[in-house]
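Here the structure comes first, spelled out in structure tokens, and everything after it is commentary.
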Amino acid sequence: MNGITVPADVYDWLRGLFVACNRRITLKLCNNPNAPEETFDFTWIEHLTHSRSPRRLGSGWTVALETHYLGGMRHFQGWEIADIGVLLFIRDPTSVVTHKVALLQSKRLYPTNMGVAEETQTDFEVGFGRLADPEDLARSIVS
């Protein structure tokens, strides 16, 4: 990082955090491949918020990681810039050494063993009642 020697425990802590997050989302995707994309974004953020408070590691260095959901908002001429924002701060015992910003755009993975019910504008207009749509229920019972 910019010619700075960062202790191994900083990398190990971050790596462990993201490995655990990846496992959790992969399990969710395996168990529910037809889930809307946003549920995976929210799981990612929720997992990382458990580690939001700054952590002082054995080397004396401190790491702080913040995540933010940005999806669904139009930030740049009507375009969404990212689904998730990540802020990483790394501090040696005396001062902030570096900080990084990442913008992540997730993309929907489609299962090959079933169809995907895409969300439509109507889903958002009707709201919660759309979850109990008798037409969808009848179709799923018939199939």
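The values are calculated or read from the model by the stated rules, or taken from the named source; none is laboratory data. Here the structure is a predicted model, which is why all the values come from computation and not from measurement. No Cβ is skipped: glycine too gets one built from the backbone with ideal geometry, and neighbour counts run over all protein chains shown. With ligands, DNA and RNA removed, areas are computed over all heavy atoms of the protein, side chains included. Shrake-Rupley method; radii C 1.70, N 1.55, O 1.52, S 1.80 Å.
Quick notes on this one:
- Using heavy atoms of the protein chains and a probe of 1.4 Å, the accessible area assigned to ARG55 is about 90 Å².
- Heavy atoms of ILE4: accessible area, 1.4 Å probe, square angstrom to 10: 50 Å²
- If you take all other residues with their beta carbon under 13 Å from the beta carbon of ALA102, and give Lys and Arg +1 and Asp and Glu -1, the sum is -1.
- Counting charges near TRP61 (Lys, Arg +1; Asp, Glu -1) among other residues having Cβ under 13 Å from its Cβ returns a value of 0.
- Residue-span extension gain [ASP12 to ARG55] - 0.36 nm each, minus C-alpha spacing: 14.2 nm
- Fully extending the segment from ASN22 to SER106 would add 28.9 nm, taking 0.36 nm per residue of separation and subtracting the current Cα-Cα distance.
- A 1.4 Å probe over all protein chains sorts PHE42, PHE18 by accessible area into PHE42, PHE18, starting with the largest.
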